[in-house]
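The values are calculated or read from the model by the stated rules, or taken from the named source; none is laboratory data. On a predicted model such as this, the values are computed, not experimentally measured, just so you know. All Cβ positions, glycine included, derive from the backbone under ideal geometry; neighbour counts span all protein chains shown.
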Amino acid sequence: MEKELKISPSLLAADFGNLERELGKINKSEADWLHIDIMDGVFVPNISFGFPVLKYVAKLCEKPLDVHLMIVQPEKFIHEVKDLGAMMMNVHYEACVHLHRVIQQIKDAGMKAGVTLNPSTPVFLLEDIIRDVDMVLLMSVNPGFGGQKFIEHTIDKVRALRELIERTGSHALIEVDGGVNQETGARLAKAGADVLVAGSAVFKAPDMGEMIHQLKIAGR
């Protein structure tokens with residue numbers, strides 16, 4: 001069966017010296033969303049960008065914002081993410097003591113709610129929350145840095161998550177982030193992924209628009 005994937009280019013890999021030009025290319029492409037990684041240097045060993053920069057990004061970008069908070073206590077920033085006009089707010093399972101409450105707070109703010117799993121966090125832990133989320137993001141590298149090698153076990157995790165979603169009647173999408181290119185993207189799509197986050201593969205490509213197109217049809 002043919003399957004056209006959603007593609008969410010990762011802003012982390014963009015050339016920030018030419019940000020307006022980079023976002024202009026994304027706007028003209030077949031990209032579905034723009035993936036934004038917010039890092040705090042605590043939950044992950046790196047710091048990315050804050051809301052003053054992201055407000056500028058939000059003004060320039062015509063794609064829905066797919067915001068991924070790699071931070072402790074992400075619930076503190078629900079309204080800031082909402083004020084960006086974000087479509088999706090994604091929080092880490094490992095960062096939320098009261099995950100169900102945070103998911104409900106995100107939805108109450110008018111956004112779709114996602115939950116992210118680190119590579120070592122098993123899918124079965126989502127059993128009691130899977131019906132409440134709009135998307136699950138599986139990290140296929142350890143979060144915090146771009147350009148890492150794809151973790152092969154992610155393919156099995158996608159299959160396990162697809163089984164959990166179908167068994168529970170959940171409508172959650174499966175998104176994968178880390179080491180995504182045409183080869184891994186095709187395998188992820190076959191395993192059941194719906195959305196691919198691609199950073200270096202897109203922003204370092206000679207033709208960003210063509211690379212996004214090739215990723216979109218990887219599942220066919």
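Per-structure values
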| read-out | value |
| --- | --- |
| Among (1) in contact with a Gly (Cβ under 6 Å, 6 or more places away or on another chain); (2) without any contact (Cβ under 8 Å) to a residue 40 or more places away in the chain; (3) not polar (S, T, N, Q), the one test that Leu5 misses | (2) |
| Pair list, Cβ under 7 Å, 6 or more apart: the stretch 91-114 residue of a type in the set (Phe, Trp, Tyr) and surrounded by fewer than 22 Cβ atoms within 10 Å (Cβ to Cβ), other residue modelled with pLDDT under 95 and part of a loop (DSSP other than H, G, I, E, B) | none |
| Selection status of Leu23, among the aliphatic types (A, V, I, L, M) and either in a helix (DSSP H, G or I) or farther than 27 Å from Phe124 by Cα (or both) | yes |
| Residue check for Lys28: over 18 Å from Ala198 (Cβ atoms) and charged (D, E, K, R) | no |
| Residue within the stretch 139-153 that is without any contact (Cβ under 8 Å) to a residue 40 or more places away in the chain, farther than 20 Å from Val195 by Cα and not polar (S, T, N, Q) present | no |
| Residue that is nearest to Glu127 (Cα to Cα), among those in the stretch 170-220 that are of a type in the set (S, T, N, Q) and part of a loop (DSSP other than H, G, I, E, B) | Ser170 |
| Matching residues, the stretch 12-27, being out of contact with any Asp or Glu (no Cβ under 7 Å at 6 or more places or on another chain), in contact (Cβ under 8 Å) with a residue 12 or more places away in the chain and either surrounded by 22 or more Cβ atoms within 10 Å (Cβ to Cβ) or not small (Gly, Ala, Ser) (or both) | Leu19, Glu20, Leu23, Lys25, Ile26 |
| Sole residue being in contact with a His (Cβ under 7 Å, 6 or more places away or on another chain) and surrounded by fewer than 18 Cβ atoms within 10 Å (Cβ to Cβ), chosen from Glu62, Glu30 | Glu30 |
| Hits in the stretch 176-207 (condition: surrounded by fewer than 21 Cβ atoms within 10 Å (Cβ to Cβ) and in contact with a Pro (Cβ under 9 Å, 6 or more places away or on another chain)) | Phe203 |
